[in-house]
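J.: Just dropping this structure here.
None of the figures in this text is laboratory data; all of them are computed from the coordinates on show. No experiment lies behind these values; they were computed from the predicted model shown.
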Amino acid sequence: MTEYFEQYASDYDRVQPVKIEMYDFYHRLALDLVPFDTDEPFRFADLGCGTGNFLSMLLERFAVSDGFALDLSEAMIDLASEKIGDSSDRVQFVQHDLGDPLPVELAELDMVVAFSVLHHLTDERKRAICGEIFSALKPGGWLLLVDAMYAPYSSDVWDRGRERERSARAQRFEEAGILQAELDRHEHAKSALDESSPERDRISTLDEQMQNLRDAGFSSIDRVWHFWMEHLVVARK
Ligand SMILES: C[S@@+](CC[C@H](N)C(=O)[O-])C[C@H]1O[C@@H](n2cnc3c(N)ncnc32)[C@H](O)[C@@H]1O
C-alpha cells in the first residue's frame, strides 16, 4: 500500500532535517505554541506522525497529555513507537490513510497537529479533512498545521530563492555526508509513484488551504511563520 515513505522511513531522521532547512526550527516553534500548561492534561491527534519527531517532543514537555498518532506507513509508526519509548502508553497509534475519513475515535480532542502531510491529499480530501478535524476538536480546540503551500512571489525573487535553496541544500548534504546517489534513489522512488498513490505530493496554494480552514468554521486562523513554501498555521475552533 505504501511505497515511498515505507522505504524512506529508516533514513528519514538522518536526511529530512538536512533536506528541509527549517525543519528543527519549526518543530521547536510549534512546540512553544502548544497552548497548554506543561502539567495540564489534554488529548491530541498527530496526523502523519512520521518517525515521531514532534510527537516525542510533545510527550516529553507535556507529561500528562495523551492522544493518537496516525500514519499510512507501518515503518514510520514502528520508528515513532520506538522513539517515544516509555510514553507509548499515552499514545494510540493508528495506521490510516488520510485519504479516507478520520477514524471515529478521534473526538473531543484539545489539539490536532498535522505537519507536512496534508499536501499528500487531493483537493477534495484537503477540504473534507479540515471539516473532520474541526468536528474532532472540542470547542476552543486547536489545530497546528505545518505544510508546503504555494504563496505568490514575483518571478525574479522566486527564481533567486530556488537557486539559493538548491546550492544551500547541496552544501548541507555535503556537510552531513549524505551522498547524491542516496538522494537520487529516494527522489526516483517518489517520482515513480502512481498518479493515484496516497503518498504523492499534491501541493495547493496558501489561499486554498486558508479557505478550507475558514469553510470548516475555524474562528481564528493565524499564519504565524513561513519560510518560502513552508507555513505554520495555528487555527482555533
Ligand atoms: C513528510 S513526512 C512528515 C512526517 C512528520 N509529520 C514530520 O514532520 O516529520 C509525511 C508523513 O505522512 C505520511 N503520509 C503520506 N501520505 C499519507 C496519507 N495519505 N495518509 C496518512 N499518512 C500519510 C508519510 O508516511 C510520512 O510519515
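J.: Can you give the helix-only mean residue ellipticity at 222 nm for the chain, where every DSSP H stretch with n ≥ 4 adds -39500 (n - 2.57) and the sum goes over all residues, rounded to the nearest 500 deg cm²/dmol?
T.: Mean residue ellipticity, 222 nm, calculated: -14000 deg cm²/dmol.
J.: Here is the link list: Lys138/Lys190; Lys83/Lys126; Lys83/Lys190; Lys126/Lys190. Which ones come out longer than 31 Å on Cα distance?
T.: Over 31 Å apart, Cα to Cα: Lys138/Lys190.
J.: HN-Hα J couplings of the range 135-145 from phi, Karplus 6.51/-1.76/1.60, θ = phi - 60°, integer Hz, Gly and Pro as x?
T.: 5, 6, 8, 5, x, x, x, 10, 10, 10, 10
J.: Next up: Let a ≥ b ≥ c be the square roots of the eigenvalues of the Cα gyration tensor of the range 1-112; is it rounded (a/c under 1.5), or, if not, prolate (a/b larger than b/c) or oblate?
T.: Cα axes put the range 1-112 in the oblate bin.
J.: Out of residues 5 or more away from Leu121 or on other chains, whose amide H comes under 5 Å of its own, with H placed 1.01 Å from N in the peptide plane?
T.: Arg202
J.: Determine ³J(HN,Hα), in whole Hz, for all residues of the range 194-206 in sequence, where each value follows from phi through the Karplus function 6.51 cos²θ - 1.76 cosθ + 1.60 and θ = phi - 60°; x replaces Gly and Pro.
T.: Each residue of the range 194-206 in turn: 5, 3, 8, 4, x, 9, 5, 6, 9, 6, 10, 8, 4 Hz.
J.: Per-residue HN-Hα couplings for the range 28-37, Karplus 6.51 cos²θ - 1.76 cosθ + 1.60 at θ = phi - 60°, whole Hz, x for Gly and Pro?
T.: With coefficients 6.51, -1.76 and 1.60, one gets 5, 4, 4, 4, 5, 8, 4, x, 10, 6 Hz.
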